[in-house]
Amino acid sequence: MLDWTRAQVAVMRGDADSRALRDAATDFLGTRDGATYYVKRISGLWQRYDLGNGRPLVGMTMPNLRLDDGTWLSGRTHEGRALLVDLAGDDRLAALAKPYAGRLELVRGSSDGAGVNGLLVRPDGFVAWASAASDPAGLEVALTRWLGDGTGRCD
C-alpha cells in the first residue's frame, strides 16, 4: 500500500519525468484490464485473508448475491452485523444463528450457481466460513471465533 501511495505522489509532481509516468499510467488506465486491476488494488477487493477452511471464498470479500426478495446481499451490510447466508433452506443454520441475535443477521436466498450453500460474513464484508454442501460443519467454530460463545462473551 505504501508503494502505491508513493507512486500516486510521484505521478502528481510537476516535473518532466512525472508527466511521462502520468501519461503512461493514463494509457494503462484507459484499458479495461488496467482500470479493473487498478480499482481492485485501491479498493481492497484483491485482499485475501488466510482464515483457514480451505474454501476459495473464505478470506475474500463476500460475493454480492441477488436474494430471493430481489435485494442484494450488499444491502444487508449497512447495520454492521455479521451475516449468516443460508442459500439451501437449511434450518440447522437458523438454529445455530439464534444465540447470536442482535449481532448476526440470518439471510435466506437461493444459490443460483453461487457454488455455495452457506456463508458466514464478518461485519467488514469478508467471508469467515463457507460450505458448498448442505452441512454446517465448521460453522459453530467460526461463529465462536468471530462472535463469541453465543452469550455475548468472546474467548
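Assorted remarks:
- Among the residues of this structure, Asp3 counts as one that is at pLDDT below 85 and in a helix (DSSP H, G or I).
- Residues of the range 109-122 satisfying the condition of being open to solvent by 10 Å² or more (accessible area, probe 1.4 Å) and either among the hydroxyl-bearing types (Ser, Thr, Tyr) or modelled with pLDDT of 90 or more (or both): Ser110, Ser111, Arg122
- Residue match in the range 70-87 (condition: more than 12 Å from Gly125 (Cβ to Cβ), among the β-branched types (Val, Ile, Thr) and touching a residue at least 40 places away in the same chain (Cβ under 8 Å)): no
- Among the residues making up the range 123-139, those that are open to solvent by 30 Å² or more (accessible area, probe 1.4 Å) and closer than 14 Å to Ala82 by Cβ are Pro123, Asp124.
- Those residues of the range 7-45 which are at pLDDT below 85, assigned to a helix (DSSP H, G or I) and either touching a Gly at 6+ places or on another chain (Cβ under 8 Å) or within 28 Å of Gly125 (Cβ to Cβ) (or both), in sequence order: Ala7, Gln8, Thr36, Tyr37, Tyr38, Val39, Lys40, Arg41, Ile42, Ser43
- Selection within the range 71-108 - open to solvent by 50 Å² or more (accessible area, probe 1.4 Å), part of a helix (DSSP H, G or I) and either touching a Pro at 6+ places or on another chain (Cβ under 7 Å) or closer than 15 Å to Thr144 by Cα (or both): Arg92, Ala95, Lys98, Pro99
- Which numbered condition Glu79 misses (of (1) touching an Asp or Glu at 6+ places or on another chain (Cβ under 9 Å); (2) at pLDDT 85 or above; (3) within 19 Å of Ala132 (Cα to Cα)): (3)
The values are calculated or read from the model by the stated rules, or taken from the named source; none is laboratory data. Because the structure is predicted, anything quoted here is derived from the model rather than measured. Quick reminder, even Gly has a Cβ in these numbers, built from the backbone with ideal geometry, and neighbours come from all protein chains shown. All accessible areas refer to the heavy atoms of the entire protein, side chains included, with ligands and DNA or RNA removed. Shrake-Rupley method; radii C 1.70, N 1.55, O 1.52, S 1.80 Å.
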